[in-house]
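Read-outs throughout are calculated quantities, based only on the coordinates presented, and are distinct from any laboratory measurement. These figures come from a predicted structure and were not determined experimentally. Backbone-built Cβ (ideal geometry, glycine too); neighbour counts: all protein chains shown.
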Amino acid sequence: MVYSEDYRDLGNLRLKMIAAAPFLHDGGFESKHRYFMDAANASDKIAVIDTKEGKLVKLVSVGNVPHPGRGANFVDPQFGPVWATGHLGDETISLIGTDPEKHPDNAWKVVQELKMPGAGNL
């Protein structure tokens with residue numbers, strides 16, 4: 001469950017609960033700061049939360065025990081803007097496409113897995 005608070009009207013705060021995958025752990029925003037990418041490490045998913053609309057966009061299946069910290073954003077020459085997470089349970093880094101407007105075919109799915117010499121993050 002993701003708890004979202006709308007601070008636009010401080011006199012009328014509303015807490016919104018958004019159903020997602022169990023055991024959300026940590027995460028961060030994609031490069032445009034609209035979508036929050038939250039790791040559910042017990043279910044090997046990344047929950048993509050649209051903070052403007054206040055809803056779950058997608059649960060993305062990734063490797064074993066995602067552990068992104070805040071994640072890493074960069075523009076991949078082939079896939080466009082991506083968000084990256086390492087994993088504690090396997091030796092990969094998953095790249096998830098994050099641009100539904102200019103790269104809709106790559107948005108909210110793993111576009112590439114990079115094989116690493118060991119598990120974890122930098």
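One table, with the values for the structure above:
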quantity: Charge sum, other residues only, whose C-beta stays under 14 Å from Pro66's C-beta, Lys/Arg counted +1 and Asp/Glu -1; calculated: -4
quantity: Long-range lysine pairs (8 or more apart or interchain), the chain, Cα under 19 Å; calculated: 16
quantity: Projected area, mean over directions - the stretch 39-81, Cα convex hull, nm²; calculated: 3.8 nm²
quantity: Alpha-carbon spread of the stretch 1-51, three principal axes, descending order, Å; calculated: 38, 24, 13
quantity: Semi-axis lengths (Å, descending) of the ellipsoid that matches the C-alpha gyration tensor of the chain; calculated: 25, 17, 11
quantity: Fraction of antiparallel bridges per DSSP, the chain only, in percent to nearest 5; calculated: 95 percent
quantity: Sorted peptide list for 81-89, 5-13, criterion being average Cβ within 10 angstrom, highest first; calculated: 81-89, 5-13
